[in-house]
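Visitor: Sharing a structure with you now.
Please treat every number below as a calculation from the coordinates, not as lab data. Quantities reported herein were computed from a predicted structural model and do not represent experimental measurements. Here the Cβ is made from the backbone with ideal geometry for all residues, glycine too, and neighbour counts use every protein chain on show.
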Amino acid sequence: MSTGLELYDRAAQAAAGTVITAYSTSFSLAARLLGTRVRPHVRNVYALVRIADEVVDGPAAEAGLAPETLRRVLDELEAETLTAITRGFSTNLIVHAFCRTAREAGIDSSLVRPFFASMRTDLSVAAHDARSHDSYVYGSAEVVGLMCLQIFLNIGASSPVTPSAELRDGARRLGAAFQDVNFLRDLSHDATALGRDYLGVRAGGAARTEVLDRVDADLAAAAAVVLQLPSDCRRAVTVAHDLFAALAQRLRADDGIGQDLRVRVPDPVKATLAARAMLGFGPRGART
């Protein structure tokens, strides 16, 4: 039986897996297609991201925390995360799981700090302009793509691997596309429940089309580099890419569906996309 740090690591990893399973069926589908080399590490990253999201997106406030307390809790989570990366241990199981991954993959404060900066923005900014949107998306989504890229290239590597500029751009643009699709899907909820407008497109029309055009361009750029990833990562990234491409297509097809009904990809379509990736096809629009 495992004991000591090995057992603690396994408990932390299991806790991260529980968080992901509870919060995202689509992510769980894609994660299952990752190779065992990287799968737990990607889950560890997304578990921390989800916990930080919950600090600013409602549950903490529902527990009775005042706005100034929410900021303090978020600051404490960031400080604990950065300390754990240096120390190699945290009493917070989700943070411990993340720091284990960060240390192995070469994820450092240059990616962690922008993420928490964006989370803090949710406590003070209700409506974004183009500049603040881009800054928010970089911290909340693009750096998460870069963290995953670090995992894909560095877990199990004999020496640190520096991602190419092309791969970094693809990771950032895939993260940005995911985030903008989620903004469009959640327009009504963000406005009514959270009092936020990330896109300035509540009225739809040309602004909404511009966002979808940007999403399509970002997805195309990301698709072009997926085949440069290690083979045990491509299927999962392909499924995630194609799921969000399908969501974008559905949002474009009905200009009002994202306003009051959260658009989703039906389970049979998800299964088809997963089967296509399992057969070795790259993301739609990828270079061959």
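Visitor: How would you classify the chain from its alpha-carbon gyration tensor, with a ≥ b ≥ c the square roots of the eigenvalues: rounded for a/c under 1.5, else prolate if a/b is greater than b/c, otherwise oblate?
Guide: Cα axes put the chain in the oblate bin.
Visitor: If each DSSP helix of 4+ residues adds -39,500 (n - 2.57) and the sum is divided by the residues in the chain, what number results at 222 nm, nearest 500 deg cm²/dmol?
Guide: One gets -22000 deg cm²/dmol as the mean residue ellipticity at 222 nm.
Visitor: Taking the Cα centre of the chain as the origin, how large is its charge dipole in debye, to the nearest 20, when only Lys and Arg (+1) and Asp and Glu (-1) carry charge on their Cβ atoms?
Guide: 900
Visitor: Classify the stretch 85-244: rounded, prolate or oblate, from the alpha-carbon gyration tensor (a ≥ b ≥ c, eigenvalue square roots; a/c under 1.5 rounded; otherwise prolate if a/b is larger than b/c)?
Guide: Here the stretch 85-244 falls in the oblate category.
Visitor: Given the C-alpha centroids of the stretch 77-113 and the stretch 9-61, what is the distance between them in whole angstrom?
Guide: Using only Cα atoms to place each centre, the spacing works out to 15 Å.
Visitor: Using the Cα centre as the reference, give the magnitude of the dipole from point charges on the C-beta atoms of the stretch 137-206 (Lys, Arg: +1; Asp, Glu: -1; all else neutral), rounded to the nearest 20 debye.
Guide: Charge dipole of the stretch 137-206: 20 debye, to the nearest 20.
Visitor: Classify the stretch 187-248 as rounded, prolate or oblate, taking a ≥ b ≥ c as the square roots of the eigenvalues of its Cα gyration tensor: rounded when a/c is under 1.5, otherwise prolate if a/b is larger than b/c and oblate if not.
Guide: It comes out prolate by the Cα gyration axes.
Visitor: Which value in Å does the Kirkwood hydrodynamic radius of the stretch 82-172 take, with 1/r averaged over all unlike C-alpha pairs and then inverted?
Guide: Evaluated on the stretch 82-172, it is 14.2 Å.
Visitor: Further, regarding this structure: Scan around Ala127 for amide H atoms under 5 Å from its own, H built in the peptide plane at 1.01 Å from N, and keep only partners 5 or more places away or cross-chain.
Guide: Asp197
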